[in-house]
1. Excluding residue 68 itself, calculate the net charge of residues whose Cβ lies under 12 Å from the Cβ of residue 68, where each Lys or Arg counts +1 and each Asp or Glu counts -1.
2. At R0 = 30 Å, how high is the FRET efficiency between residue 6 and residue 31 if r is their beta carbon distance? Nearest 0.05 is fine.
3. Please work out how much length the chain gains when fully extended from residue 72 to residue 18, using 0.36 nm per residue of separation minus the C-alpha to C-alpha distance, in nm with one decimal.
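A short reminder: the numbers here are calculations on the coordinates, not readings from a lab. None of the values given here were measured: they were computed from a predicted structure. Backbone-built Cβ (ideal geometry, glycine too); neighbour counts: all protein chains shown.
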Amino acid sequence: MRANKTQHLLQDNDVKFWGSDIWPGNSPDLNVAECIGSIIKGEVETEMLSETEYNRYHEDTLKMHIENVLTSM
C-alpha cells in the first residue's frame, strides 16, 4: 500500500510521526465538532424552551441564545 511505503520512508529517515497504529480512526464518535455541536444544540434548545416571551421563535432570540451558550463555554 502507498501509505505503508510512506510510513517506511519516514521511519527510515528518522522522521517522527503518528503511525496508523496510533492515529485514531474516522469514527463519528471521535469527531469533536459533532460532539460540541450536539452540546451546543442541547443548551440552546433548553434556553429556547425556557423563553416565555411571544418572540420565543424569533430569529433574533435564537441568535441571542446561541451567543449566550457559546460565551458561557
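1. Combined, the nearby Lys, Arg, Asp and Glu give -3.
2. Details: r = 24 Å, r/R0 = 0.81.
Once the sixth-power term is evaluated, E becomes 0.80.
3. Values: separation 54, 0.36 × 54 = 19.44 nm, distance 3.42 nm.
16.0 nm is the gain from fully extending residue 72 to residue 18.
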